[in-house]
Structures are given as structure tokens and as C-alpha cells.
Amino acid sequence: MDVFEAIKGRRSVRKYRLKQVERELTEKLLNAARWAPSGSNIQPWLFIVVEDRDVLEMIRKISPGYFGEAPLSILVCSDRTRAHRIGGALGRDYLSIADCAMATENILLAAYALGLGTCVVKSFSHAAMKEIIEIPEGIEPELLVIVGYADSAPAPPRRIPLNEIVYLDKFGQKLSLGEV
């Protein structure tokens, strides 16, 4: 699949079929994540794959943005201790979060290319998540990626036109672009 097709075609899916995601596909998603860009090559990410229905249900209860009953979730965490050791305060406080976001985007695009639906959830209780998943000190849950076979695909949302968000050389100076 063409990367531009994946970028434009991917949607946040909130309704899933009850079909289990094959382990081979899960591994492909995780490999896509670990090849994301990383500031100073810190690679602060850790991934916790959750397939257990009882654990998924506990996570749903503490995550207001978790819709649908997907058979799989991937919790993207940052190892803040490693990030600080390698990148100092910048690594711990910023790069670790940005790197986890880029790894998450790779998961989303790879999932779409593999015929899977996803939705990213940030609205969860961090304290409860750490307790449920038994996450140690120094590791922070950043984003939860819900993964499954989409039951329905939402229509594409409206996007702000490029001519309203792109400038040339200085803020406010328009860059002449054709809409793509």
C-alpha cells in the first residue's frame, strides 16, 4: 500500500468485529513501531500487548475514550528513566513523549495497511492503568492503541485547507500551494 493512501485512508475506528488479531500481524505492528524516529536514538518506548478479555474490560472501565470491544490493545509506554539517562531532562520530559507518539503513528499506518482498524486513546487514568498492568516506577503509559478488524469505517473528517495552515519564511506570509 502506498504511504499516502495509508495516511489519507486511516480512520479512528470505534466499532470492531470479534475476530482475534493474528499474532503475526501484532508482531508486524510492533516492528513498525520500533522503527519510528527517535530523538538522540533514545528509543524510550515499551509496548504492552493486551489480549486478555478481563484485562481489556478493566482498561475500558478506566478509559472514557475506549469505545467498542476490540480484541487487542497496545499500551505505548515511555521509559523515562532510560530517556533521562541518555538524553537528560529534554529526553525525559519531551523526547520520550514525542518518540512514543511517532511510534504510535507507525502502528496506526501499519495496521491500516494490514487491514486492521485502530483508535488511539489518551483519556485513561494513568494511576489505574499502572496498577492494572503492573507498570513499575520510571515507566509511564503514554497512549493506548485499540486494534481490531473494523466493523465499520467512518467517513473522512474535514481537514483545514493547506492555505490556512502553511506559511513561507515568516508567519502570516502565504505559500502558494495547489490542494492535494
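The values are calculated or read from the model by the stated rules, or taken from the named source; none is laboratory data. Note that this is a predicted model, so its numbers are computed, not measured. Cβ: placed from backbone, ideal geometry, glycine included. Neighbour counts: every protein chain shown. These area figures cover heavy atoms from the full protein model, side chains too; ligands, DNA and RNA do not enter into them. Shrake-Rupley method; radii C 1.70, N 1.55, O 1.52, S 1.80 Å.
Between residue 101 and residue 34, how many nm apart are label points set 7 Å from Cα along the C-beta direction? Roughly 2.5 nm, to one decimal. In a DSSP loop and with at most 16 other Cβ atoms within 10 Å, the trypsin sites (Lys or Arg not before Pro) in region 84-177 are 122, 158, 159, 170. Residues whose amide H lies under 5 Å from that of residue 143, counting only those 5 or more places away or on a different chain, are 76; hydrogens are built 1.01 Å from N in the peptide plane.
Here the simple spin-label model places points 7 Å from the Cα toward Cβ, and for residue 176 and residue 149 these points are separated by 5.1 nm. The GluC sites (Glu not before Pro) of region 136-180 meeting both criteria, a DSSP state outside H, G, I, E and B (loop) and at most 12 other C-beta atoms within 10 angstrom of the site's C-beta, are 137, 179. If R0 is taken as 30 Å, the Cβ-Cβ distance between residue 6 and residue 131 corresponds to a FRET efficiency of 0.30.
Solvent-accessible area of region 1-45 (1.4 angstrom probe, protein heavy atoms only): carbon and sulfur portion equals 52 percent. Taking the 1.4 Å solvent-accessible surface of region 50-160 as the whole, the part contributed by carbon and sulfur is 56%. The calculated 222 nm mean residue ellipticity attributable to helices in the chain amounts to -11000 deg cm²/dmol, summing -39500 (n - 2.57) over DSSP H runs of n ≥ 4 and dividing by all residues. Annotation: extensible slack from residue 17 through residue 123 equals 35.9 nm (criterion: 0.36 nm per residue apart, minus Cα-Cα distance).
For the chain, averaging the sequence separation of C-alpha pairs within contact (under 8 Å, six or more residues apart) and dividing by the residue count gives a relative contact order of 32 percent.
Close amide H contacts of residue 72 (hydrogens built in the peptide plane, cut-off under 5 Å, sequence separation of 5 or more or a different chain): 147.
Candidate cross-link partners of residue 130 among the aspartates and glutamates, defined by an alpha-carbon separation under 12 Å and a same-chain spacing of 8 or more, comprise 140, 142.
Taking amide hydrogens as placed 1.01 Å from N in the peptide plane, the amide H of residue 35 sits under 5 Å from that of no residue at least 5 positions away in sequence or on another chain.
For the chain, what is the Kirkwood estimate of the hydrodynamic radius, computed as the reciprocal of the mean inverse distance between distinct Cα atoms, to one decimal in Å? Kirkwood radius, the chain: 17.6 Å. Expressed as a whole percent, the proportion of Cα-Cα pairs in region 38-108 lying more than 17 Å apart is 49%. Taking every full run of DSSP H in the chain, the ones that stretch at least 18 Å from end to end by Cα along their long axis and average -0.5 or higher on the Kyte-Doolittle scale are 96-113.
Karplus-based coupling profile of region 152-166, in residue order and whole Hz: 8, 10, x, 5, x, x, 5, 10, 5, x, 3, 5, 9, 10, 10, with θ = phi - 60° in 6.51 cos²θ - 1.76 cosθ + 1.60 and x standing for Gly or Pro. Residue by residue, region 43-50 carries 3J(HN,Hα) couplings of 6, x, 7, 9, 10, 10, 8, 10 Hz when phi is fed to the Karplus relation 6.51 cos²θ - 1.76 cosθ + 1.60 (θ = phi - 60°); x denotes Gly or Pro.
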